[in-house]
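As structure tokens, the structure follows; a few thoughts come after it.
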Amino acid sequence: MIPARFAVAQAQQETIGAIIQEANENSQLEYLAHQLTDVIGPRLVGTPQMQNAHDWAVEQFGQWGIEAENQQFGTWRGWERGITHIDLISPRVVSLEGQQLAWSPATPEGGVDGEIVIIPKIENREQFEEWLASVKGKFVLISPPQITGRPDYNWQEFATEASFEKMKAEREAMEKAWDENLERTGFNSRTLQTALEGAGALGLLQSRWSRGFGVNKIFSARTDKIPVIDLALEDYGMLYRMAEYGDKPVIRVNAQSKDLGRVPTFNTIATIPGTEKPDEYIILSAHYDSWDGGTGATDNATGSITMMETARILKKHYPNPKRTIIVGLWGSEEQGLNGSSAFVEDNPEIVDGLQALFNQDNGTGRVVRISGQGFLHSYAFIQRWLEPVPEDIKGEIETDFPGRPSGGGSDYASFVAAGAPGFSLSSLSWSYWNYTWHTNRDTYDKIVFDDVRGNVILTAILTYMASEDPESFPRDKAELPVSRRTGVQMEWPEPRTPNREGGN
């Protein structure tokens, strides 16, 4: 007769082997990514695309035999992006690369023509107020120009040291001069937009370069009646130089969008019920929303499809987990972790029974860091759960125990703040911050599927081991160190209050 402990070990080995084989030989990741980024597209909270994504996820989980639902946690300002077309029509004709910002007002149907002007160098607010009267019927450039569109790493590779240092000094001086001139207007970057809108500007143009080739950050507009457009660095720079040299550039902008009033906002929650300890939980966590400059591929379609694929594999090869497995695809993370913090607020029994939450957010790369988030006994549990992970995946990971609790950054922080064990599966950069984080280039082609597949295997094994563990994760907190910055002992973060009526 085989001893019980050997039978358990053999069953564990067989299940983990099946998980790895399924992930490698029957992966659904490419299909899921295609549906989420190519077909549905970006998932800005309050848009029809976000609702489409929630509905698609529920249907997809259902096809895998997993119960799922969309749980409303509030409402948001509804908005739908239409076309954005920008053409230079004088002194020459060319189409420009750009797009309206999220929640931007539209132009009149068919678009509008207007001259480009730049904010002049002024001595005081009175001079600025005098110039302000001249912007009526014109487009205003509201970002400083860049002196180079080459990222620093490109300069370091090819420029002489003297040339590189000269460029950086000139760039710093230009940025300083812009900031000082803005300060003399009496406005800041936010209130300036309101002042220009009030003065009758046709629209505002900006360029928020992300320090990479062809990459801009795309966020939201702050105007009520006129569009705000982000232009690619060189198109913006060309218009700026034309205006500065007195060429009187004229553009035609057709930017269409719809204000949809208040719309509900959701989390998608899928559940595989536990059999022995159904009131203890493992949560597979990822934020589902995105900004909409690109298609939200690495922020955070990759994290979302990792958790969906993990659930699919577990349902197939571990259909009767000891603990309940929940997938949380959170809404409105980008506006302040609203979906996950609302879930924490609305589901205290799940938070109290949480065995572990595994969150993946920061890009397409393979997981390389796991912190114990300040939980005193995190080492014993996470190392135990990591033990059967294949060495080619586990060997990449640096751990930090007990670590420090995170107060923000991604949705695991909502649970950590409530004293529940939430862990970030932090990934390798793949130039995330410059090239895909909240940019116009965060698209399907940036996904590295081999890395995402490895993350699925890691997450599935961690989930399986946490579910099977005979012990429940203890909530003891480590004593936090004294902050080097303040000289005061750090404190555990406080839970966030979710914004349930956003976008006003």
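For the chain, the spread of Cα positions along the three principal axes, ordered from largest to smallest, is 92, 50, 41 Å. Per residue, the average separation of C-alpha pairs within less than 8 Å and at least 6 apart gives the range 306-424 a relative contact order of 31 percent.
Count the net charge of all other residues whose Cβ sits under 14 Å from the Cβ of Gly65, scoring Lys and Arg as +1 and Asp and Glu as -1. Surrounding charge for Gly65 is +1. Report the label-to-label distance for Ala162 and Val8 in nanometres (one decimal), using points 7 Å from each Cα along the Cα→Cβ vector. Those two pseudo-labels are separated by 7.2 nm. Rounded, prolate or oblate: pick one for the range 161-229, where a ≥ b ≥ c are the square roots of the eigenvalues of its C-alpha gyration tensor, a/c under 1.5 means rounded, and failing that, prolate if a/b is larger than b/c, else oblate. Oblate shape, in that a/c is at least 1.5 and b/c is the bigger or equal ratio. Seen from Thr298, the other residues with C-beta closer than 12 Å to its C-beta sum to a net charge of -3, counting Lys and Arg as +1 and Asp and Glu as -1. Considering only alpha-carbon pairs that sit under 8 angstrom and 6 or more positions apart, the relative contact order computed for the range 70-126 is 22 percent.
At full extension, Asn181 and Glu244 could sit 21.1 nm farther apart than now, given 0.36 nm per residue minus the alpha carbon distance. Using the alpha-carbon positions of the range 275-347, Rg (one decimal) and Dmax (whole number) come out as 13.9, 45 Å.
With K and R counted +1 and D and E -1, the other residues having a Cβ less than 12 Å from that of Glu501 yield a net charge of +3.
In the chain, what percent of the accessible surface is made up of carbon and sulfur (1.4 Å probe, ligands and nucleic acids excluded)? Before the final figure, lay out the partial values.
Working: 10810 of 22040 Å².
After summing per-atom areas, the C and S share lands at 49 percent.
Apply the a/c threshold of 1.5 to the C-alpha gyration tensor of the range 333-432 and tell me whether it is rounded, prolate or oblate. Oblate. For the range 29-156, the per residue solvent-accessible surface stands at 45 Å², with DNA, RNA and ligands left out and a 1.4 Å probe.
Over the chain, DSSP H runs of length four or greater, each weighted -39,500 (n - 2.57), average out per residue to a 222 nm ellipticity of -10500 deg cm²/dmol.
Which of Lys136/Lys248; Lys277/Lys315; Lys176/Lys258; Lys277/Lys394 have a Cα-Cα distance over 26 Å? Over 26 Å Cα-Cα: Lys176/Lys258; Lys277/Lys394.
Round to the nearest 0.05 the FRET efficiency obtained for Glu80 and Thr191 when R0 = 25 Å and r is the Cβ-Cβ distance. Could you put the intermediate results ahead of the total?
Working: r = 28 Å, r/R0 = 1.11.
Efficiency computed from Cβ-Cβ geometry: 0.35.
What number comes out for accessible area per residue over the range 435-490 if the probe is 1.4 Å? Units Å², please. Intermediate results must be reported in sequence, preceding the final value.
Working: 2630 Å² over 56 residues.
In whole numbers, the range 435-490 has 47 Å² accessible per residue.
Once a ≥ b ≥ c are taken as the square roots of the eigenvalues of the Cα gyration tensor of the range 415-504, is the result rounded (a/c under 1.5), prolate (a/b larger than b/c) or oblate (a/b not larger than b/c)? Taking the square roots of the gyration eigenvalues as a ≥ b ≥ c, the range 415-504 is oblate.
Compared with the alpha-carbon gap, the fully stretched path from Leu428 to Ala199 is longer by 77.8 nm at 0.36 nm per residue. For a label point 7 angstrom out from the Cα of Lys394 toward its Cβ, which stretches of the range 368-384 have the backbone nitrogen within less than 15 Å? Backbone N within reach: 370, 379-384. In the chain the longest region clear of GluC sites (Glu not before Pro) that are loop-assigned by DSSP and have at most 14 other C-beta atoms within 10 Å covers 277-470. Our summary gives the chain a relative contact order of 21 percent, counting only alpha carbon pairs under 8 angstrom and 6 or more residues apart. With every protein chain in place and a 1.4 angstrom probe, the accessible-area ranking of Ser257, Ser378, largest first, reads Ser257, Ser378.
Scaled to the compact-protein estimate 2.2 N^0.38 Å, what is the alpha-carbon radius of gyration of the range 179-334, rounded to two decimal places? Walk me through the intermediate numbers first.
On the way: Rg = 23.3 Å, N = 156, 2.2 N^0.38 = 15.0 Å.
Dividing the Cα Rg of the range 179-334 by 2.2 N^0.38 Å gives 1.55.
What's the center-to-center distance, using Cα atoms, between the range 208-261 and the range 18-84 in Å? Centre-to-centre (Cα) distance: 30 Å.
When the charge dipole of the range 134-255 is built from unit charges on Cβ atoms (+1 for Lys and Arg, -1 for Asp and Glu) and taken about the Cα centre, the candidate among Ala162, Ser207, Thr194 whose Cα reaches farthest toward its positive end is Thr194. Label separation (Glu69 vs Asp445): 4.3 nm, computed from points 7 Å beyond Cα along the C-beta direction.
The values are calculated or read from the model by the stated rules, or taken from the named source; none is laboratory data. Quick caveat: nothing in here was measured; it's all calculated off a predicted structure. Quick reminder, even Gly has a Cβ in these numbers, built from the backbone with ideal geometry, and neighbours come from all protein chains shown. Just so you know, the surface numbers come from the protein's heavy atoms only, side chains and all, with ligands and any DNA or RNA stripped out. Shrake-Rupley method; radii C 1.70, N 1.55, O 1.52, S 1.80 Å.
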